[in-house]
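The values are calculated or read from the model by the stated rules, or taken from the named source; none is laboratory data. Since we're looking at a predicted model, the values are computed, not measured. Because the Cβ atoms are built from the backbone with ideal geometry, glycine has one as well, and the counts that use them run over all protein chains shown.
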Amino acid sequence: MNQNRLDLYTDYLSVTFGYATATGLSNMLDGGISHDAISRFLSEREYTSKDLWKQVKGMVRETESEDGVLIIDDTVEEKPHMDENDLISWHYDHCLGRNVKGINLLNCLYHANDVSIPVAFELVRKPIRYCDLKTRKERRCSEVTKNEQMRLMIDQQFPVKKHLTS
């Protein structure tokens with residue numbers, strides 16, 4: 001992994017309001033890196049919460065506080081024109097009050113001392129296909145609930161060491 005490109009891209013995401021795009025980053029750098037090079041870098045592999053944690057661990061340690069909290073929420077990024085698959089499917093959007101086709105993302109922020117830092121994320125995938133008997137339409141569902149996925153995310157990212165006492 002090219003650490004300089006990852007640092008550059010995460011900095012860009014931190015300061016960009018609105019849509020963040022490879023073209024936007026390239027333009028911000030006056031073409032110093034082409035948007036194709038940025039896209040190739042991002043598609044080299046699938047990034048995970050572990051990658052995010054490596055980037056933000058130092059900031060979290062600097063802002064750590066007894067009053068710090070984890071804030072977990074989900075968001076749906078609409079993708080109405082994309083073909084449906086395990087990742088892009090129908091999800092209920094609480095902000096809109098209806099189902100939308102898109103990508104559902106679980107986010108975890110650490111908040112302390114008036115600072116919020118993203119520390120973990122998980123994509124909601126719906127690989128199981130079934131037929132809704134009432135509508136006779138194909139539907140999709142996840143192998144685990146979002147609540148279970150959130151708990152797994154916390155356990156994997158922030159494992160609590162249990163000590164046995166005699």
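Sub-8 Å Cβ pairs linking a first residue in segment 30-58 that is free of Cβ contacts under 8 Å to residues at least 40 places away in the same chain to a second residue that is surrounded by 13 or more Cβ atoms within 10 Å (Cβ to Cβ) and aromatic (Phe, Trp, Tyr), at least 6 apart or interchain, are Ile38/Tyr9; Phe41/Tyr9; Leu42/Tyr9, ordered by first then second residue.
Look through Gly58, Gly102 and report the one residue that is out of contact with any Ser or Thr (no Cβ under 6 Å at 6 or more places or on another chain), part of a helix (DSSP H, G or I), modelled with pLDDT of 90 or more and closer than 20 Å to Phe121 by Cβ.
Working: Gly102 fails: part of a helix (DSSP H, G or I).
Exactly one of Gly58, Gly102 is out of contact with any Ser or Thr (no Cβ under 6 Å at 6 or more places or on another chain), part of a helix (DSSP H, G or I), modelled with pLDDT of 90 or more and closer than 20 Å to Phe121 by Cβ, namely Gly58.
Could we say that Val115 is touching a helix residue (DSSP H, G or I) at 6+ places or on another chain (Cβ under 6 Å), surrounded by 13 or more Cβ atoms within 10 Å (Cβ to Cβ) and within 30 Å of Met59 (Cα to Cα) here?
Yes; evaluated as a whole, the condition is true for this residue.
Tell me yes or no: at least one residue of segment 39-54 is outside the structural domain of Met150 (by TED's automatic domain parsing), assigned to a helix (DSSP H, G or I) and either of a type in the set (Asp, Glu) or in contact with a His (Cβ under 9 Å, 6 or more places away or on another chain) (or both). Within segment 39-54, none of the residues are outside the structural domain of Met150 (by TED's automatic domain parsing), assigned to a helix (DSSP H, G or I) and either of a type in the set (Asp, Glu) or in contact with a His (Cβ under 9 Å, 6 or more places away or on another chain) (or both). Checked across segment 83-96, the condition of being in a loop (DSSP other than H, G, I, E, B), surrounded by 14 or more Cβ atoms within 10 Å (Cβ to Cβ) and under 17 Å from the mean Cα position of the chain (by Cα) holds for at least one residue.
Considering only residues in segment 10-49 that are in contact with a Leu (Cβ under 7 Å, 6 or more places away or on another chain) and closer than 26 Å to Met153 by Cβ, the one that is surrounded by the most Cβ atoms within 10 Å (Cβ to Cβ) turns out to be Tyr12. Only residues that are over 23 Å from Asn104 (Cα atoms) and either surrounded by 12 or more Cβ atoms within 10 Å (Cβ to Cβ) or touching a residue at least 60 places away in the same chain (Cβ under 8 Å) (or both): list them for segment 65-74, please. Gly68, the sole residue that qualifies.
Which of the residues spanning segment 115-166 are outside any strand (DSSP E or B), touching a Phe, Trp or Tyr at 6+ places or on another chain (Cβ under 7 Å) and at pLDDT 90 or above? Spell out how you get there, then give the answer.
Of segment 115-166, the ones outside any strand (DSSP E or B) are 125-127, 133-136, 142-166.
From what is left, the residues that are touching a Phe, Trp or Tyr at 6+ places or on another chain (Cβ under 7 Å) are 157.
If the condition is that a residue be outside any strand (DSSP E or B), touching a Phe, Trp or Tyr at 6+ places or on another chain (Cβ under 7 Å) and at pLDDT 90 or above, then no residue fits.
Take Glu78 and tell me if it is within 28 Å of Gln157 (Cβ to Cβ), loosely packed, with under 13 Cβ neighbours inside 10 Å and assigned by TED's automatic domain parsing to the domain that holds Ile128.
Numbers: within 28 Å of Gln157 (Cβ to Cβ): yes; loosely packed, with under 13 Cβ neighbours inside 10 Å: no; assigned by TED's automatic domain parsing to the domain that holds Ile128: yes.
The answer is no for Glu78.
Taking the criterion of being assigned to a helix (DSSP H, G or I), free of Cβ contacts under 8 Å to residues at least 24 places away in the same chain and under 22 Å from Ile117 (Cβ atoms), the residues of segment 8-29 that qualify are Asp11, Tyr12, Leu13, Ser14, Val15, Leu25.
Would you say Val76 is in a strand (DSSP E or B), touching a Gly at 6+ places or on another chain (Cβ under 6 Å) and not hydroxyl-bearing (Ser, Thr, Tyr)?
Details: in a strand (DSSP E or B): yes; touching a Gly at 6+ places or on another chain (Cβ under 6 Å): yes; not hydroxyl-bearing (Ser, Thr, Tyr): yes.
Yes, satisfied.
Filter segment 132-158 for residues that are among the aliphatic types (A, V, I, L, M) and farther than 20 Å from Leu109 by Cβ; which is surrounded by the most Cβ atoms within 10 Å (Cβ to Cβ)? Of everything passing the filter in segment 132-158, Val144 is surrounded by the most Cβ atoms within 10 Å (Cβ to Cβ).
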